[in-house]
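Asker: This is the structure I have questions about; it appears just below.
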Amino acid sequence: MTILGMDTSGPFCTVGIAGGQGMTAELTVRTGRSLAEKLPDIVNRVLSDSGMQGQELDGVAVSIGPGSFTGLRIGLGFAKGLAFGWDKPILAVPAMDGLVRRVPPVFSRAAVAIPSRKAEVYLGLFRPAESGWTQEGEIEVRGEEGFTSGLPEGNIALLGEGAGVLRGKDGLDPRFFLMPAEWSIPSGYLIAEMGLELLKRGVIAEKHGLAPMYIKRFKGIL
């Protein structure tokens, strides 16, 4: 089986194809406000590089966030269009799951921070599991500067574009490990790979009702 995956949750648009033999093709581009214009070309380039036609794919996987509302709406809308046009299933992959997949499960936890509104981040906490990582608790909205406050004891991997505020700063608690900056850039291939796993398990999203992941905001944000 072969899956096309895409992530448009942030400033980078990434599209990749994954199958039984691993990565077939991937392209990641910083698009910014030109996402809607560039996304079709990026998908066509990846299909061309893979030597495949859309009709040959077994499904379309898409990141559902959290992240940029505009980016997610554009990506999800385009992914639905492909799934309908090719008559293929659509697979929904949370953005943080795609990012944390890069981290080896040698840490007691992994914390993923994705920019939300100004000076805020979405924060998700993950713990090692048999299959790699599993989310622990709910995703929260926290203040950008204090998002590590109250995290559990142990050695914790930090990643995601929101964690970049800590890069180069002195005084970071030694139990926190800031992952390489490139690990905070989504991977269309990893989204496709996770979509392939969902398809094998029969976890298929409903095309009409699928919506971006919106995180409820609470009073007393840290």
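Just so you know, all these numbers are worked out from the coordinates, no wet-lab data involved. Only a predicted model underlies this, so the values are computations on that prediction, with no experimental measurement involved. Here the Cβ positions follow ideal geometry from the backbone for every residue, glycine too, while neighbour counts run over all protein chains shown.
Asker: Could you tell me the calculated FRET efficiency between GLU56 and ALA211, based on Cβ-Cβ distance and R0 = 35 angstrom, to the nearest 0.05?
Answerer: 0.80
Asker: Quickly rank 98-109, 34-45, 156-167 as a protection proxy: mean count of other C-beta atoms within 10 Å, highest first.
Answerer: Peptide ranking by packing, descending: 156-167, 98-109, 34-45.
Asker: Which residues' amide hydrogens lie under 5 Å from the amide hydrogen of SER116, considering only partners 5 or more residues apart or on another chain, with H built in the peptide plane?
Answerer: Distant-sequence amide H within range of SER116: VAL121, TYR122.
Asker: Over all directions, average the projected area of the Cα convex hull of the chain and note it in nm².
Answerer: 12.2 nm²
Asker: Taking the inverse of the average 1/r across all pairs of different Cα atoms in segment 77-201, what Kirkwood radius in Å do you get?
Answerer: Its Kirkwood hydrodynamic radius stands at 15.6 Å.
Asker: Turning to a different aspect of this structure: Provide the percentage of antiparallel DSSP beta bridges, counting only those with both residues in segment 119-222; round to the nearest 5.
Answerer: Counting DSSP beta bridges with both partners in segment 119-222, the antiparallel share is about 75 percent.
Asker: A further question follows. With a Förster radius of 41 Å, plug the Cβ-Cβ distance of ASP87 and GLU145 into 1/(1 + (r/R0)^6) and report the FRET value to the nearest 0.05.
Answerer: 0.30
Asker: Now for a separate question. Go through segment 4-12 residue by residue and turn each phi into a ³J(HN,Hα) via Karplus (6.51, -1.76, 1.60, θ = phi - 60°); whole Hz please, and just put x for glycine and proline.
Answerer: Each residue's phi maps through the Karplus curve to give 9, x, 9, 9, 10, 7, x, x, 9 Hz.
Asker: Using r as the Cβ-Cβ distance of GLU138 and ARG175, and R0 as 35 Å, what FRET efficiency do you calculate, to the nearest 0.05?
Answerer: The value I calculate is 0.95.
Asker: Nearest-5 percent of antiparallel DSSP beta bridges in the chain?
Answerer: Counting DSSP beta bridges with both partners in the chain, the antiparallel share is about 65 percent.
Asker: I need the shape label for segment 116-174. Rule: rounded when a/c is under 1.5, else prolate if a/b > b/c, else oblate, with a, b, c from the alpha carbon gyration tensor.
Answerer: Oblate, because a/c is 1.5 or more while a/b does not exceed b/c.
Asker: Determine the calculated [θ] at 222 nm for the chain from helices alone, applying -39500 (n - 2.57) to every DSSP H run no shorter than 4 residues and normalising by the residue count; nearest 500 deg cm²/dmol.
Answerer: -8000 deg cm²/dmol
Asker: Give the total of Lys-Lys pairs in the chain with Cα-Cα distances below 25 Å; include a pair only if its members are 8 or more places apart or on different chains.
Answerer: For the chain, qualifying lysine pairs total 13.
Asker: Tell me, what HN-Hα J-couplings in whole Hz come from the Karplus equation 6.51 cos²θ - 1.76 cosθ + 1.60 at θ = phi - 60° for each residue of segment 149-166, using x for Gly and Pro?
Answerer: 5, x, 5, x, 5, x, 7, 10, 7, 10, 7, x, 4, x, 6, x, 5, 8
Asker: On to the next question. Using label points projected 7 Å from each Cα along Cα→Cβ, tell me how many nm separate GLU37 and VAL203, to one decimal.
Answerer: So the two model labels end up 3.7 nm from each other.
Asker: Okay, moving on. Amide H neighbours of ALA25 under 5 Å, at least 5 residues apart or on other chains, H built in the peptide plane: list them.
Answerer: For ALA25, whose amide H was placed from the backbone, the distant partners under 5 Å are ILE17.
Asker: Can you list residues from other chains, or at least 5 along the same chain, whose modelled amide H is less than 5 Å from the amide H of LEU210?
Answerer: none
Asker: Once Rh for segment 62-108 is found with the Kirkwood sum over Cα pairs, what is the Stokes-Einstein diffusion coefficient at 10 °C and 1.306 mPa s, in µm²/s?
Answerer: In µm²/s, the coefficient rounds to 132.
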